Amino acid sequence: MPDDLIKSRKDGRIGWITLNRPEAMNTFTLPFADQLDGAFREMENDPEILVVIVEGAGKHFCTGISLDQFPSRTQLEARDFLRRIDAFYHTLARMKKVTIASVHGYAVANGAGLACSCDLTVAAETAVFGTTAINVGLICLGPAASLIRTLGRKKVLEMVLTGDMISASEAMRLGLVNKVVPEQELAAATLELAQKLASKSPLALQIGKEGLNQLRDLSYHQGLDAMDDLFATLASTEDAIEGVSAFRAKRKPVWKER
């Protein structure tokens, strides 16, 4: 099995995961999916890392599952196959670290799902997004699980059932992308965002992400009460005391809790 379908590295508080099948437009195979899920788990378990950037080698971010992975299968065999292919969706959703997709070229099918499942997305002006599986007789239901939490039902239905692709600017208008930049500025813009996040209190980042994730599944009053509980937890920590003290003293905070 190739060892470098997914490459990982870190620099200080920031980790990088690079999709490394450029000759195949970073399409998913079982080994690729296993290594991707493993890389996310390693980043999550690294106490030094606060922010994880996901990027694609070559001309495209990711163009979904490689079509040679779809031989004739029984329903049970196909289900086992998809459990491994889509394991990263579960891992990403449970991660406490903040994740940023840095997207250029095509991000379609499972590639679109990966980009949209990250907490934040920075895209090149030339990036294109789409849930295109229906065009080959399949359907992008895995990516839809992430999309439906960001977009309205009608737009997700339109994307999944038509297979049409959208530009980076349209993706930003819809709320799928946070920032669009010229392609030559993509790496720098993504790193700038990651560094900004990595400079924050680790506990505040973690609790903020946890709270916002909970809000999706709670009623208004339940959500407000849950957010107050989380805020109270954060307010009692050394980092919260340090942050307020540093602000009042007009100095840079030194975060103590990791």
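A few remarks follow.
- Test for THR91: is it surrounded by 15 or more Cβ atoms within 10 Å (Cβ to Cβ) and in a strand (DSSP E or B): no
- Index of the failed condition, SER236 passing every other in (1) loosely packed, with under 13 Cβ neighbours inside 10 Å; (2) among the small types (Gly, Ala, Ser); (3) under 18 Å from the mean Cα position of the chain (by Cα): (3)
- Qualifying residue in segment 109-122 (condition: surrounded by fewer than 24 Cβ atoms within 10 Å (Cβ to Cβ) and out of contact with any Ser or Thr (no Cβ under 6 Å at 6 or more places or on another chain)): yes
- Here GLN69, GLN75 are screened, and the one residue that is at pLDDT below 95, within 22 Å of ILE134 (Cα to Cα) and touching a strand residue (DSSP E or B) at 6+ places or on another chain (Cβ under 8 Å) is GLN69.
- Criterion: more than 27 Å from ALA144 (Cα to Cα), assigned by TED's automatic domain parsing to the domain that holds ILE134, assigned to a helix (DSSP H, G or I) and over 18 Å from the mean Cα position of the chain (by Cα) - qualifying residue of GLU185, GLU170, GLU192: GLU185
- One residue from GLU242, GLU183 being in contact with a strand residue (DSSP E or B) (Cβ under 8 Å, 6 or more places away or on another chain), among the acidic types (Asp, Glu) and surrounded by 13 or more Cβ atoms within 10 Å (Cβ to Cβ): GLU183
The values are calculated or read from the model by the stated rules, or taken from the named source; none is laboratory data. Values in this document were obtained by computation on a predicted structure and should not be read as measured data. Here Cβ is always computed from backbone atoms with ideal geometry, including for glycine, and neighbour counts include all displayed protein chains.
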